[in-house]
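Notes to accompany the following structure.
Coordinate-derived values only; no laboratory data. All values reported here derive from a predicted model rather than from experimental measurement. When we count neighbours, we look across all protein chains shown, and the Cβ atoms used for this are built from the backbone with ideal geometry, even at glycine.
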Amino acid sequence: MDFLRPTSWRDALEAKAHHPDATPIAGGTDVMVEINFDHRRPTSLLDLTGIDELASWSEHGGKLRIGAGLPYTRLIDELGDRLPGLAIAARTVGSPQIRNRGTLGGNLASASPAGDGHPPLLASGAEVEVESVRGTRLLPVEEFFTGVKRHALASDELISAVHIAPATGAQQFSKIGTRNAMVIAVCTFAIALHPERQRVGTGLGSAAPTPLRAIEAEEFLSGELADSGQWDSPRPLDDSVVRQFGDLVARAASPIDDVRSTADYRTHALGVMARRTLGWVWDEYRNHPSSTGRPECA
Amino acid sequence: MTTAEESMLRANAIGTPLTRLDGTEKVTGTAPYAVEHPVDSPAHLHPLQAAIALGRATGIDTSAAEAEPGVLAVLTHANAPRLASTGNGELEILQSGEVGYRGQFLGGVIAETPEIARRAADLIRVHYERYEHDVELRADRDDLYKPEQVNPAFDTDTAQGDADGALASAAVTLDATYSTPMEHNNPMEPHATIACWTDGELTLHDSTQGVYWTQAAVAPLFELDQQQVRVISPHVGGGFGSKGIPHPNVVLAAMAARLVPGRPVKFPLTRQQMFSVVGYRTPTIQHVRLGADEQGRLSAITLDVVEQTAKVKEFAEQTAIPTRTMYAAPHRRTSHRLAALDTPVPTWMRAPGECPGMFGPEVAMDEMALACGLDPIEFRVRNEPETDPESGLPFSSRNLVACLREGARRFGWHDRDPRPGTRRHGEWLVGTGVAASTYPVFAMPGSQATIRATPDGRYAVRIGAVDIGTGTWTALTQIAADALEVSVGEVDLEIGSTTLPTASGAGGSSGINSWGSPIVAAARTLRARLDEHGGTVPAEGVEATEGMPDNPHTSQYAMHSFGAQFAEVWVNADTGEVSVPRLLGIFAAGRIINARTGRSQLLGGMTMGLSMALHEESVLDPRFGHVVNHDLAEYHIATNADVGSLEVDWLDEHDPYVNPMGSKGIGELGITGTAAAITNAAYHATGIRVRELPLHPDKFLR
């Protein structure tokens, strides 16, 4: 197995162009496990940890650009106030040791339907910046996932960053697992309020072959809130609206039975999490329309 | 003749919370575990495992593996040493190409590095003839059979009176079936061995619960005298039973080392390999029937257990054993039936028998208390037996009722509203539950201790005991000090090797009983000899060796420890998630030798019981015969975030009959009853009675 260790982003792109079958490795929290269990036997590894700029973040034109190599721990510490939904999800990833190593870019590249970072990215309308020696393109995150552990990268492309707008309204994330820590999700749900464009964003995890948005649920709730003028003068939500939102989220899912749970339970739990997190974000929006989210983990 | 009271040891060091004598070594990483022992130029073994559940390897092509640079030898049934037939189908590996279960060892590669060995093992091509396999346990199978006895040597079935008749005429009855899943032991240190042959003799640095147990199992297989197999194991990173009876990994290491004489061969198992070869707790199906009169006095108790064993070797878990001791009833029956399957061999897992056997019946007691309109503590008190229900023997000591009452007081049980599903904390339903714990007092024969006093004022205590993380180094030093009437600092204990006097292993919570008793006997002999020397140690020193003394009380008394466990459980009304914010265990287990390590063992037992209640389940894929969730990412064990307030205490129980220390053994007591207490509390919270472990969220969404 070849081990390629570029020290600049340009060299990394050159290396990927020359070795299109090379497996990129950042924190190694997925790749090393797969190698260890012999699920994957790469001909070469492309180590991205020597590229400092990949583990940084910046702000341009009102959006945050998060380098693909930024570990979860730094994401939580440095961006948790502006990306509360993503920070809540990041806190549920593995253990402190895993969060020190694991990165958002790596989570995307693994493209697991159970990846904890994906639902908040979907709910916030994030874009994935991918790059090759041929150039750069920006993909809406829902177009990035193409199947179970499959994504839209060309063989010479690397994930360089995630572009995401700081929260303008409350955000939440909820995860159910079969224990309280260090657990692969049974299912997850993220919600984000976008009052500036009067929209609600959603993201579902472990609910289908890919992470996905519950678009009907978003349309329904955004429409209800706009029609009733609630963005400007928020009131407690009608139970029927909350229930309908939960039902539409559950309907968006197409889960499976597996070792962790049953499809029926997942469908049920997604509806519960949708209702629950909607209650949280709406309470917060009513009480502090300008704030950006509950700091603690669900 | 001295009375039992007179022969009891006066406690001085015993009972104190002496810190672990091996603690500094352990936390600084200098205590050597099995494969960490320094050896010269070790070779490394990687196993070849069967990729089918049943059949025969018709051809094994090792040519590519043998051609790999760094490969020293490839082991298969074609070149494996012939083993003597000892009737142990689990250990007699590589004698043919037959495959009895998926993951069974078919060979291995010995190489200069672990990486080369693993790579080369992967290059071996095996051709199989497959037979149809059978790995599914069900209670309605028509081929269940009655084993001759259950582990270790209990009657398979027992019966007294007319249980069916009593049930037919009882005022209140319960008839319910409970189940526990397949569960796997996961000690932190995997099973690991260094094997080395020199001059026809075998040295094993092994992670084992008994150096002499390993010796006794391995020596006859290779047709060696016992003393030609030397086993060394000063520190063990947990065993829980899975390192008690040796498993095929030890045999494979010894076979591999035979191919490279003079070179030590290292063989630590991976976590995934452990799920195939080091045993597991059988799934159990427990059919409980109870009958009582209007006052809640039991007239009949029956427990019929169905569980599995392996075709390659029988292991019969003694699940019904605690039911023979717990509660009074004139009419009673217990039975065990087995399905022999094409699976790996089940084995000991912390409190085999008592742990699963205190789930179904203790949940049944909760259900029956409600049916009788009684508080579950009061119901248990009403059915407290005066003597051991089946043997009729008096108990050497029995303080179940005192544990229940003290626990109730500490837990705040007195104002509990018995109605289920009526307490809410936001979206959480809140409940409390109780269950009893019990474990027998086992004493193993055969241990010997030697103590030598030297003029420098030191006492060398030597016994081939082991410390599997429980605190043996510390506790035996405390016992020796009190028996010698010296301070702990004057005692030099040596354990963990077959170069030391014979000893039984760490199993059945019997270590302190079986090793402490000969230490006390040797100390008393030594002190008598010192008295002959006028109380001074002569220049050449003084030595005494004693074996395990006969305990005349064993046949006169029923000897068991007891306890009461209380749980507070929150179940989410919407998602069914289960949380256990509070557990309390009150135990009566004779004298506790070390208050610190003793508390740790009970806390650890209860944590493992919590883990059993909420998480642990090995999912066997019937199509392929392997455990799907075969690593710690998917076989969930409770994490810190799952354990809330966990409180342990014990009663000062005086029992002069069990042994001179007055101790009963606490390694397994703490895991018994925990899952039942949690399940009973979850019922109290929700009104939903779950009878199958683990308590996964979907079970509360009925």
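Brief remarks on what is shown
- The range A:2-164, relative contact order [Cα under 8 Å, separation at least 6], %: 26
- The packing ranking, built from the mean of other Cβ atoms within 10 Å per residue, places the peptides B:163-173, B:139-149 in the order B:163-173, B:139-149, highest first.
- Taking every alpha-carbon pair under 8 Å whose residues sit at least 6 apart, chain A reaches a relative contact order of 18 percent.
- Relative contact order for chain B, counting Cα pairs under 8 Å that sit 6 or more residues apart, in percent: 17
- Long-range HN-HN contacts of B:Thr284 with modeled amide H, under 5 Å: B:Thr180
- Note on chain B: helix-only mean residue ellipticity at 222 nm, from DSSP H runs of 4+ residues weighted -39500 (n - 2.57) and normalised by residue number, equals -7000 deg cm²/dmol.
- Computed from Cα atoms, the angle from the helix A:9-18 axis to the main principal axis of chain A rounds to 70 degrees.
- Furthest towards positive pole of dipole, A:Pro42, B:Tyr280, B:Ser397, structure part the protein assembly as shown, Cβ charges: A:Pro42
- Shielding by partners - mean other protein chain Cβ count within 10 Å, residues of B:629-641: 4
- A cut-off of 5 Å between modelled amide H atoms, ignoring neighbours fewer than 5 places along the same chain, links B:Ala589 with B:Leu651, B:Glu653.
- Each of B:Pro656, B:Ala51, A:Gly169 was placed along the dipole of the protein assembly as shown (beta-carbon charges, centred on the mean Cα), and the one lying farthest toward the positive end is A:Gly169.
- Per residue of peptide B:610-616, the mean number of Cβ atoms on other chains within 10 Å of the residue Cβ is 1.
- Taking the helices alone, chain A has a mean residue ellipticity at 222 nm of -10500 deg cm²/dmol, built from -39,500 (n - 2.57) per DSSP H run of at least 4 residues and averaged over all its residues.
- Annotation: peptides A:152-158, B:357-363, ranked by per-residue average of other Cβ atoms within 10 Å with the highest first, follow the order B:357-363, A:152-158.
- Evaluated with a Cβ-only charge set (Lys, Arg +1; Asp, Glu -1), the protein assembly as shown carries a dipole of roughly 880 debye about its Cα centre, given to the nearest 20.
- Mean Cβ count within 10 Å, highest first, over the residues of peptides B:418-425, B:90-97, B:339-346: B:339-346, B:90-97, B:418-425
- Peptide A:179-188 is shielded by partner chain Cβ atoms: per residue, an average of 5 of them sit within 10 Å of its Cβ.
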